[in-house]
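Single-structure report; data block below.
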């Protein structure tokens, strides 16, 4: 019986479906019954996943970044590592080393949204992901599928919020993390294993001097829109200012066709990387490089392409009609 429960807990997940993985070492003993309480935190013995050993530890200031996946209905009612029935609609998570139960703030590194989650299970049993979220937690964080970069920081919420989370309810989201901190947090992803299917832009390592992927991105509202001008370099007072060369407009798509405006970048190399990831093209627009997809024969085709671009992290992708 205990081995079966450990096996259920020893899994990773993507898109709501857990992948079987190596069985973890001894987990905390089940508490029995269906009541959800916060007893003394339990750790359990060290265990190994694909050659990497994890040792559960009670670290009050735990703070790390990595990738989150989520799991859903298929394990509803199954016992977690501490014997509680799993509620996919509750706001819970599985973690390899944190005490069970414990509470963490989980921040989506693409949006800055932060929620509070109760950790009640062991997992994910794969080395390329940091935490497994329940379906309810993933939805509150805005993760509708796949794998996303996150920050996991241990916290101590008020008793009322703990009771709310134990009952399966969500508590209020925290203040969004500012962009300046998100840049630094994304840099901490350096050296972390990247799960299959995660866009290269999500896994890159920006620095304050080199903005995060998309951090230098601007939306160009239409085929003929003007890009923001760069600050001119200082010149000697006596030297005449050369007239700025008027850039050639990007080649228009076929008349009456649809296109997807993905983004515009201040760096040509970033634009080329973005275009490669979405199968788009790059055109010069003043001081920016614009990435577009298309042309498409119908609005439905363009909308489908825009959805694919958004799934790769370009949340501002929009359909445009070239007249």
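Nothing in this text is a laboratory measurement; each read-out follows from the coordinates by a stated rule. Predicted, not measured: the structure shown is a model, and the values here were computed from it. Neighbour counts are summed over all protein chains in view; Cβ atoms, including those assigned to glycine, are modelled from backbone coordinates with ideal geometry.
Taken over the alpha carbons of the stretch 141-193 as equal point scatterers, the Debye sum produces base-10 log I(q)/I(0) values at 0.18, 0.25, 0.32 Å⁻¹ of -0.85, -1.14, -1.28.
Between the stretch 118-140 and the stretch 264-296, the C-alpha centres lie 35 angstrom from each other. Label separation (residue 59 vs residue 272): 3.9 nm, computed from points 7 Å beyond Cα along the C-beta direction.
Suppose the chain between residue 304 and residue 172 were pulled fully straight at 0.36 nm per residue; how much longer would it get relative to their current alpha carbon spacing?
Numbers: separation 132, 0.36 × 132 = 47.52 nm, distance 3.30 nm.
Net length gain for the segment: 44.2 nm.
Compared with the alpha-carbon gap, the fully stretched path from residue 52 to residue 316 is longer by 91.2 nm at 0.36 nm per residue.
In terms of other Cβ atoms within 10 Å, 126, 177, 37 run from fewest to most in the order 37, 177, 126.
If you find the alpha carbon centre of the stretch 304-319 and of the stretch 96-112, how far apart are they in angstrom? Result: 27 Å between the Cα centres. Sorting 70, 289 from the fewest to the most surrounding beta carbons within 10 angstrom yields 289, 70. Computed on the Cα atoms alone, the convex hull of the stretch 27-130 gives a volume of 110 cubic angstrom per residue.
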